[in-house]
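Below is one structure; the comments refer to it alone.
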Amino acid sequence: MARGMRADAFPEDGPAGSDLELMRRQHLDLNGVEYAMMIPLGASVIEERNPHYAAALSHAANEWQIATWIENDQRLKGAVIIPQEDVETSVREIDKRASDSRFRQIIMSPKPVEPLGRKRYWPIYEAACEAGCRHYTWASPDRRARSTSSSRSSVPGRCPTRSTGSNGCL
């Protein structure tokens, strides 16, 4: 199977990983999973460069996680997808999800326009810090970029260190 997918992970209709009942049967229930982090990966969402389209895709992906997955199984925890090249919209999306304890992390693309350490991205890290969420970057399936290590969101000298956020983010 392409990209290491199990042949039996494909539902009758749809791609692998698209059927909650199949995931419950093959993974969540079978392994006694108490909590599962959803990490919706797709370059078309996290690497979209058109800022208006990226904002719409990110918001839709976050709403989709709730409607399709999180509301249907309390073990599932979501990841806030942000359009990181539009920093103001990213901060608004983080703030919108900050009070929702069903979201536990923030996903960013590992292939930004500028290096992720640049000050232009600091408001995103500050919003993540205020929400108490971790932020992650991921390599795309084609492996052109390496995934970076995950860490508690922080901007040196600007964000307090917390063990948990007010919304339960870990």
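Some notes on this structure:
- Computed over segment 25-107, the quotient of the alpha carbon radius of gyration and 2.2 N^0.38 Å is 1.14.
- In straight-distance terms, cross-link reach from residue 77 covers every one of the lysines whose alpha-carbon lies under 20 Å from its own, apart from those fewer than eight places away in the same chain; here that gives 96.
- Modelled label positions at residue 24 and residue 39, each set 7 Å beyond Cα in the direction of Cβ, lie 2.5 nm from each other.
- Placing R0 at 25 angstrom, the Cβ-Cβ distance between residue 7 and residue 75 gives a FRET efficiency of 0.50 after rounding to 0.05.
- Within the accessible area of segment 1-126 (1.4 Å probe), percent carbon and sulfur: 52
- The lysines whose alpha-carbon is closer than 22 Å to the alpha-carbon of residue 111, local same-chain residues fewer than 8 away aside, are 119.
The values are calculated or read from the model by the stated rules, or taken from the named source; none is laboratory data. The structure displayed is predicted, hence computed values, not measured ones. Glycine gets a Cβ as well: all are built from the backbone with ideal geometry, and neighbour counts include every protein chain shown. Note: accessible area is taken over every heavy atom of the protein model, side chains too, but ligands, DNA and RNA are not part of it. Shrake-Rupley method; radii C 1.70, N 1.55, O 1.52, S 1.80 Å.
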